[in-house]
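For reference, the structure is listed below as structure tokens.
The values are calculated or read from the model by the stated rules, or taken from the named source; none is laboratory data. As the structure is a prediction and not an experimental result, all values here were calculated from the model. Note that each Cβ is placed from the backbone with ideal geometry, even for glycine, and that neighbours are counted across all protein chains shown.
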Amino acid sequence: MPDVFADLVGQDEAVDTLRRAAASAAAVLRAAHEPAPDADDPDGDGPAADPGAGMTHAWIFTGPPGSGRSVAARAFAAALQCVHGTGCGECPGCHTTMTGTHADVRLVVPEGLSIGVSEMRALVLRAASTPSGGRWQIVIVEDADRLTEAAGNALLKAVEEPPPRTVFLLCAPSTHPDDVSVTIRSRCRVVPLRQPAAGAVAEVLVRRDGIAPDVAHWAAAAAQGHVGRARRLARDPEARQRRDAVLAVPRRLTGVGTALDAASALIEAAEAEAEASVAEADAAERAALQTALGAGGTGRGAAGAMRGAAGQLKDLEKRQKSRATRAQRDALDRALVDLAGFYRDALTMALRAPVAPVHTDTAAMAEAGAQKWAAEGALRRLEAVLECRTAIEANVKPRIAVEAMMLALWKG
């Protein structure tokens, strides 16, 4: 297993910061276990590093989608649990953290549209316990911008008065008050991440995933620096087909009817992709709950248990519905990012900007659009796509937002 920070692409400055903090955290642990220098021997050896220098109990990893926020948080957690304090990637602490099996590392990945207060309170309570492995109790919250106000307040109390051996690692698009509350932000150290260059992403795909260089460079450019998206495009034919269908949209917009048809097709494709992504997990969860409640048993006791299980089954269905909604919106957002990339290409071509296109395989169509629309028309269309993304994030119904976008793209 390589160094835990090896998967963090193009983030050298952030990696240096996290390495120093991990070394300082290791010094804190050494200082806690070493006896203080004898009063008669003031020159006695102390810890190898300044305990606590560069280390704090709460961190926020910020950056655009694909910059590696959650990758950085998990790698830092592994470095904190590393027996050498370096993130060697070889020791049990590194290995179990990176594989998601470390007993003292809690990962919160919101499956629905938000992270609720009950979930956060339970997590904070667990985080207050003493580390079972003797190092750190770590909580990683992906998409911390989805915390409800009440959940944020519950987290704030823990961050304001943290247990001595607990570390909170939050991931969010930015430190804007719309993403992270000002009070939480003021108590955290921020690690900003940048969008990695397409060349750096392609190099990782070639070196680590064994993808052919030409495919890797195409996928990295099409994914706009998003490592996970680039890997899916390079490996998954269905992902490439979905992208091709999205990039065919501009050719289809010849009137009101075709615009509404294109909106329906985009929504239905996102729904189908989301349903496929959650179907297996939904079935497994339902089967596990029914088994736990005595499904298949015989006798009055088993029947009574199942009759009393209606509430638990309803709660499960509610969680699964929320997860499906989130999956649908994520799938739709990926499509909108691809569409925005096309109109960005048309805009840069209209302006004769010396930049490479995002979608090299539709460059001719983007050039034709640039000649037809000019820079102003391309910009209006790009803004329509970005406004659609913003509206959906603000909980506007996706169909309404997408239909409005398609009509705006047609009208120009």
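Right, residue 113: touching a helix residue (DSSP H, G or I) at 6+ places or on another chain (Cβ under 7 Å) and surrounded by fewer than 17 Cβ atoms within 10 Å (Cβ to Cβ) or not?
Numbers: touching a helix residue (DSSP H, G or I) at 6+ places or on another chain (Cβ under 7 Å): yes; surrounded by fewer than 17 Cβ atoms within 10 Å (Cβ to Cβ): yes.
Criteria met by residue 113.
Quick one: residue 215 ticks every box in (1) within 26 Å of the chain's Cα centre (by Cα); (2) touching a residue at least 24 places away in the same chain (Cβ under 8 Å); (3) over 19 Å from residue 365 (Cα atoms); (4) not in a loop (DSSP other than H, G, I, E, B) except a single one, so which number is it?
(2) is the only condition that residue 215 fails.
Taking the condition of being more than 20 Å from residue 172 (Cα to Cα) and not charged (D, E, K, R), how many residues in segment 99-119 meet it? Don't jump to the end; show me each part of the working.
To start, the set of residues in segment 99-119 that are more than 20 Å from residue 172 (Cα to Cα) comprises 99-104, 118.
Next, only the ones that are not charged (D, E, K, R) stay: 99-103, 118.
Qualifying residue count for the region: 6.
Which numbered condition trips up residue 370, out of (1) touching a residue at least 12 places away in the same chain (Cβ under 8 Å); (2) under 24 Å from residue 222 (Cβ atoms); (3) more than 29 Å from the chain's Cα centre (by Cα); (4) surrounded by fewer than 20 Cβ atoms within 10 Å (Cβ to Cβ)?
(4)
Somewhere in segment 320-327, is a residue under 24 Å from residue 218 (Cα atoms) and either surrounded by fewer than 20 Cβ atoms within 10 Å (Cβ to Cβ) or not assigned by TED's automatic domain parsing to the domain that holds residue 225 (or both)? Please lay out each step first, then the result.
Taking segment 320-327 first, the residues under 24 Å from residue 218 (Cα atoms) are none.
Within segment 320-327, not a single residue is under 24 Å from residue 218 (Cα atoms) and either surrounded by fewer than 20 Cβ atoms within 10 Å (Cβ to Cβ) or not assigned by TED's automatic domain parsing to the domain that holds residue 225 (or both).
From the list 286, 329, which one is at pLDDT below 80 and touching an Asp or Glu at 6+ places or on another chain (Cβ under 9 Å)? Step through it out loud before you land on a result.
Details: 329 fails: at pLDDT below 80.
One residue alone meets the criteria, 286.
Which one is farthest from residue 122 (Cα to Cα), of the residues in segment 160-174 that are buried (at least 19 other Cβ atoms within 10 Å of the Cβ) and in contact (Cβ under 8 Å) with a residue 60 or more places away in the chain? Give the steps one after another, and end with the answer.
To start, the set of residues in segment 160-174 that are buried (at least 19 other Cβ atoms within 10 Å of the Cβ) comprises 162, 165-172.
Subsequent filtering for residues that are in contact (Cβ under 8 Å) with a residue 60 or more places away in the chain retains 162, 166-172.
Working: 162: 15, 166: 15, 167: 16, 168: 14, 169: 16, 170: 17, 171: 19, 172: 21 Å.
Applying the filter and picking the extreme gives 172.
If I filter segment 196-235 down to residues being crowded, with 21+ Cβ neighbours inside 10 Å and charged (D, E, K, R), which single residue comes out as modelled with the highest pLDDT?
Once the filter is applied, the top-ranked residue is 231.
So for segment 122-135 (the condition being modelled with pLDDT under 85 and either farther than 30 Å from residue 226 by Cβ or in a helix (DSSP H, G or I) (or both)), does at least one residue qualify? Give the derivation first.
The initial filter retains those residues of segment 122-135 that are modelled with pLDDT under 85, namely 133-134.
Now restrict to residues that are either farther than 30 Å from residue 226 by Cβ or in a helix (DSSP H, G or I) (or both): 133-134.
Checked segment 122-135: at least one residue is modelled with pLDDT under 85 and either farther than 30 Å from residue 226 by Cβ or in a helix (DSSP H, G or I) (or both).
Of (1) outside any helix (DSSP H, G or I); (2) at pLDDT 95 or above; (3) not β-branched (Val, Ile, Thr), residue 368 satisfies all except one. Which?
(1)
Being in contact with a helix residue (DSSP H, G or I) (Cβ under 6 Å, 6 or more places away or on another chain) and among the hydrophobic types (A, V, I, L, M, F, W, C) is the filter here; which residues of segment 116-145 pass it?
Residues satisfying the conditions are 117, 120, 124, 136, 138, 139, 140.
Could you check segment 218-264 and list, in sequence order, the residues that are free of Cβ contacts under 8 Å to residues at least 24 places away in the same chain, of a type in the set (A, V, I, L, M, F, W, C) and not in a helix (DSSP H, G or I)?
248
Does residue 294 qualify as being at pLDDT below 80, in contact with a helix residue (DSSP H, G or I) (Cβ under 6 Å, 6 or more places away or on another chain) and outside the structural domain of residue 119 (by TED's automatic domain parsing)?
Working: at pLDDT below 80: yes; in contact with a helix residue (DSSP H, G or I) (Cβ under 6 Å, 6 or more places away or on another chain): yes; outside the structural domain of residue 119 (by TED's automatic domain parsing): yes.
Against the criterion (at pLDDT below 80, in contact with a helix residue (DSSP H, G or I) (Cβ under 6 Å, 6 or more places away or on another chain) and outside the structural domain of residue 119 (by TED's automatic domain parsing)), residue 294 qualifies.
Touching a residue at least 60 places away in the same chain (Cβ under 8 Å), surrounded by 15 or more Cβ atoms within 10 Å (Cβ to Cβ), more than 30 Å from residue 235 (Cβ to Cβ) and aliphatic (A, V, I, L, M): is that true of residue 138 in this structure?
Working: touching a residue at least 60 places away in the same chain (Cβ under 8 Å): yes; surrounded by 15 or more Cβ atoms within 10 Å (Cβ to Cβ): yes; more than 30 Å from residue 235 (Cβ to Cβ): yes; aliphatic (A, V, I, L, M): yes.
When the stated conditions are applied, residue 138 passes them.
Would you check which residues across segment 171-187 are more than 13 Å from residue 157 (Cα to Cα) and either of a type in the set (Val, Ile, Thr) or not assigned by TED's automatic domain parsing to the domain that holds residue 61 (or both) and list them?
175, 180, 182 - these are the residues of segment 171-187 that are more than 13 Å from residue 157 (Cα to Cα) and either of a type in the set (Val, Ile, Thr) or not assigned by TED's automatic domain parsing to the domain that holds residue 61 (or both).
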